[in-house]
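Student: Would you mind keeping the following structure in view while I ask a few things?
The values are calculated or read from the model by the stated rules, or taken from the named source; none is laboratory data. Computed from a prediction, not measured in an experiment: that's the story for all the values here. Here the Cβ is made from the backbone with ideal geometry for all residues, glycine too, and neighbour counts use every protein chain on show.
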Amino acid sequence: MLVSVIISSFNYARYIERAIRSALDQSLDRTRYEIIVIDDASTDQTKHVLENYKDEVRVIQFEKNKGLSAVRNEGIKKAKGQFVVFLDADDYIQHDLLKLQSVFLSENNQLNAVSVNYYLVDEYGNHIENVDAEKKLLPAVSCFVKICCSILVFTMNLSGQEKMKISASGFWKSMRSIILFFAIQI
């Protein structure tokens, strides 16, 4: 079972290296997951930072800025994994996240998606707040999405056919990323 980590970036040269390193430093065997980084036509030094990781991650460069929805849709199209994890370039994940979430979804195959608790951190990585994803209400979540370095991770359990349906329907155009804070049972 393969996990695809999709890292989206637009002008996050300052943070993207930490996001990539956190994805590379997982307890899940490296042969069981892939990392796809999509640069949404950044105008800062993101492209130069990504050159350092060209042998370890698959990099997709957009020539024109298309927005987060298009980036995630492209990531879904390119993903080879049964599980898809979205990671923003200014976020990072804990060492066991991929292993724990893939085991959890495998054992709870009635679920199609999960989200996790997360920490809001400052630019130095100091914890500001531990956020319980299950207890957060939708209106309150929107303000946290904009806070730099919050840990927002979402994993989807997708078959190849479901990936095609989601890509074709423009899933991320119709659903806001705020939904990612909640477990969805379909």
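Student: Considering only the stretch 66-78, I want to know if a residue exists there that is among the polar types (S, T, N, Q), at pLDDT below 95 and surrounded by 15 or more Cβ atoms within 10 Å (Cβ to Cβ).
Tutor: Within the stretch 66-78, one or more residues are among the polar types (S, T, N, Q), at pLDDT below 95 and surrounded by 15 or more Cβ atoms within 10 Å (Cβ to Cβ).
Student: Let me ask another. Restricted to the stretch 81-107, and to residues that are in contact with a strand residue (DSSP E or B) (Cβ under 8 Å, 6 or more places away or on another chain) and part of a loop (DSSP other than H, G, I, E, B), which residue is surrounded by the fewest Cβ atoms within 10 Å (Cβ to Cβ)?
Tutor: Going residue by residue through the stretch 81-107, those that are in contact with a strand residue (DSSP E or B) (Cβ under 8 Å, 6 or more places away or on another chain) are 81-89, 91, 93, 97-98, 101-102, 104-105.
Add one more test, that the residue is part of a loop (DSSP other than H, G, I, E, B), and what stays is 81-82, 89, 91, 93.
Values: 81: 22, 82: 19, 89: 26, 91: 22, 93: 21.
Residue satisfying both the conditions and the ranking: 82.
Student: With respect to residue 25, is the statement that it is surrounded by fewer than 16 Cβ atoms within 10 Å (Cβ to Cβ), among the charged types (D, E, K, R) and over 16 Å from the mean Cα position of the chain (by Cα) true?
Tutor: Values: surrounded by fewer than 16 Cβ atoms within 10 Å (Cβ to Cβ): yes; among the charged types (D, E, K, R): yes; over 16 Å from the mean Cα position of the chain (by Cα): no.
So residue 25 fails the test.
Student: Restricted to the stretch 89-115, and to residues that are in contact with a helix residue (DSSP H, G or I) (Cβ under 7 Å, 6 or more places away or on another chain) and under 16 Å from residue 22 (Cα atoms), which residue is modelled with the highest pLDDT?
Tutor: Looking at the filtered set, the residue picked out is 89.
Student: If we scan the stretch 93-109, do we find a residue that is within 16 Å of the chain's Cα centre (by Cα) and acidic (Asp, Glu)?
Tutor: For the stretch 93-109, residues within 16 Å of the chain's Cα centre (by Cα) and acidic (Asp, Glu): present.
Student: Next question. Of the numbered conditions (1) farther than 28 Å from residue 45 by Cα; (2) aliphatic (A, V, I, L, M); (3) at pLDDT 85 or above, residue 133 fails exactly one; give the number of that condition.
Tutor: Of (1) farther than 28 Å from residue 45 by Cα; (2) aliphatic (A, V, I, L, M); (3) at pLDDT 85 or above, only one is false for residue 133: (3).
Student: Residue 142 passes all but one of (1) at pLDDT below 95; (2) polar (S, T, N, Q); (3) within 20 Å of residue 9 (Cβ to Cβ); which number fails?
Tutor: (3)
Student: Could you check the stretch 59-77 and list, in sequence order, the residues that are of a type outside the set (Phe, Trp, Tyr) and over 14 Å from the mean Cα position of the chain (by Cα)?
Tutor: At the first step, the residues of the stretch 59-77 found to be of a type outside the set (Phe, Trp, Tyr) are 59-61, 63-77.
Within the stretch 59-77, 59, 60, 61, 63, 64, 65, 66, 67, 77 qualify.
Student: With respect to residue 108, is the statement that it is farther than 29 Å from residue 127 by Cα and either without any contact (Cβ under 8 Å) to a residue 40 or more places away in the chain or of a type outside the set (A, V, I, L, M) (or both) true?
Tutor: The answer is yes for residue 108.
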